[in-house]
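Structure first, then comments.
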Amino acid sequence: MKPSYLNCTLDRFQWSRGVPRLRWVLHGLLALLCSFFAASPAWADHLIIKRHVTLRETPSRVSQVVTYPPPGTVLRLLDKGARQSGYYRVALKDGRIGWVYFTFVERRAGDPPDWSTENLVAAGTAAGAMAVHYINVDQGAAALVEFPCAAILIDAGGRGAAAGDHLLNYLDKFFARRPDLQKRLEAVFVTHTHVDHNSNLRRIAERFSIGGYIHNGILTGSGRVAAKWMDARVHQIPPIRTLAVTDAMVDASTRGLSNEVIDPVSCPDVDPSIRVLSASYAQNPGWPDGEFENGNNQSLVIRIDYGQASFLFTGDMEETALETLVEKYAGTHALDVDFYEVGHHGSHNGTTAELVNEMTPKAAVISMGPATTEEPWTAWAYGHPRSDVVTLLAHSVTDRRVKPAQVKVADRVKKFTEIEITSAVYATGWDGDVVLHAETDGRYSVELAP
């Protein structure tokens, strides 16, 4: 989308017959500018209030008042800067969302100055839209899925106390912005029993109300302490509905398993679809030695559809199990999605060309830690994300990043190279918290930390 302040026509210019060459030179330059801006997928501009104005709930002068921001107030510009009836949709620093008429503001390039990473959660999402918050938990995974009427969590991991504190603080801020949800997660999914995916499960269960707990039923692995605690907690007061999903249950449906525990969300104007496409295997499906015992290959695979927007989460599933997954759904379009949380933190064995060909994603998000922490159990120690996987994704996603970035990718464990990435591949280790907003018609936008 090109910015509204760029007029990509020459109609408003008056030309004399004496300067045809100058006209065509300027025409070419303007065309070049237009092609550049049109190719850019999103804008991270902000607005400054110029004079007293009313911030309203909808783009109409008769809608309810949100607040009266004084001149000089900084607003984050949402929806890629698109105007509706002359109004911009904006976010205040305290998280409130509203609409402001364009003549009362000055538009400036870039993110709002001095807005911290924590303000991403405050920016909210449009009425009728959803958002996936890929929360930066260092070397681990935690994705908060926000709907107009509910929220769910996919994985609750993270490396160390600081990552856990950030996750809890993020959720606190989220529920402060969404008091209608009453600090309730309608479902918590843990893809598999490894500590980088469930280390904060107890803290979350003790702090927030949980409607359902969906897991693969395996109580062994590095995350066994949290898994066993939760296995006991679900039977206490208040009880939590629980479901241990096996692949035999999934195989009963050609489109994946869904029921009132897996998919407890139904909003007044839209009914999202949440399905489990793969789960733990009771018997070896014919994999080579060691692959069946590998807990990563027992990961839940979760698909979410929100109108025309679709998301896929594969946990830490590796190549052997991914091959089985692709074969299972060949020709069904069950794996054809818009947005992909990159498997196994961007590991060399967590994403395959065959899977990417099935997905044809618009954008991908990697959940992993920074390459700069040279300690055990880190992205540096594991070599995440691997350069060949990032290259595969960069060549496969159809869209471009909000803004290009210089990032570090691993050639192997403990050895990284810096590259520039322009394709729509994001990572918590590069970008901090990543928030992907999506609407039912498939339109989307991405917000990154300043």
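Nothing in this text is a laboratory measurement; each read-out follows from the coordinates by a stated rule. Keep in mind that this is a model prediction, so the values were computed, not measured. As a convention, Cβ positions derive from the backbone with ideal geometry for all residues, glycine included, and neighbour counts pool all protein chains shown.
Which of rounded, prolate or oblate describes the range 46-108 when judged by the alpha-carbon gyration tensor and an a/c cut-off of 1.5? Rounded, because the longest to shortest axis ratio a/c is under 1.5. Taking the range 409-450 and a reference point 7 angstrom along Cα→Cβ of Asp388, the backbone N atoms nearer than 14 Å belong to 410-413.
Would you please give the FRET efficiency between Ala248 and Glu374, computed as 1/(1 + (r/R0)^6) with r the Cβ-Cβ distance and R0 = 41 Å, to the nearest 0.05? In this case the efficiency is close to 0.40.
With R₀ fixed at 60 Å, the C-beta to C-beta distance from His52 to Phe292 puts the FRET efficiency at about 0.35. Could you work out how far apart the two model spin labels at Ala109 and Thr398 are, taking each label as a point 7 Å from the Cα in the direction of the beta carbon, and quote it in nm? Going by the 7 Å Cα→Cβ label model, 2.9 nm. Under the convention that each Lys and Arg Cβ holds +1 and each Asp and Glu Cβ holds -1, the size of the dipole of the chain around its Cα centre is about 2240 debye.
With loop membership from DSSP and a limit of 16 other Cβ atoms within 10 Å, the longest segment of the chain without chymotrypsin sites (Phe, Trp or Tyr not before Pro) is 16-291. Here the Gaussian network model covers the chain, with springs between Cα atoms less than 10 Å apart; of Ala143, Ala379, Ala205, Ala205 fluctuates the most.
Against the chain, whose longest principal axis comes from its Cα atoms, helix 224-233 is set at around 90 degrees. In terms of distances greater than 27 angstrom between alpha carbons, the cross-link table entries Lys80/Lys173; Lys93/Lys415; Lys328/Lys403; Lys228/Lys415; Lys183/Lys403 yield Lys93/Lys415; Lys328/Lys403; Lys228/Lys415; Lys183/Lys403. Between His345, His166, His215, the GNM of the chain built on Cα springs shorter than 10 angstrom shows His166 fluctuating the most. Taking the chain as a Gaussian network of alpha-carbon nodes connected by springs under 10 Å, the highest mean-square fluctuation of the residues Ala161, Ala227, Ala151 belongs to Ala161. Would you please give the residues with an amide H less than 5 Å from that of Gly217, counting only those at least 5 places away or on a separate chain, with H modeled from the backbone geometry? Residues meeting the amide H criterion: Val245. Counting only DSSP beta bridges whose two residues both lie in the chain, roughly 70 percent are antiparallel. Round to the nearest 10 and give me the degree value, 0 to 90, for the angle of helix 319-328's Cα axis relative to the longest principal axis of the chain. The angle comes out near 80 degrees.
Compared with the alpha-carbon gap, the fully stretched path from Ala82 to Cys267 is longer by 64.0 nm at 0.36 nm per residue.
When the helices of the chain are scored as -39500 (n - 2.57) per DSSP H run of n ≥ 4 and the total is divided over every residue, the value at 222 nm lands at -6500 deg cm²/dmol.
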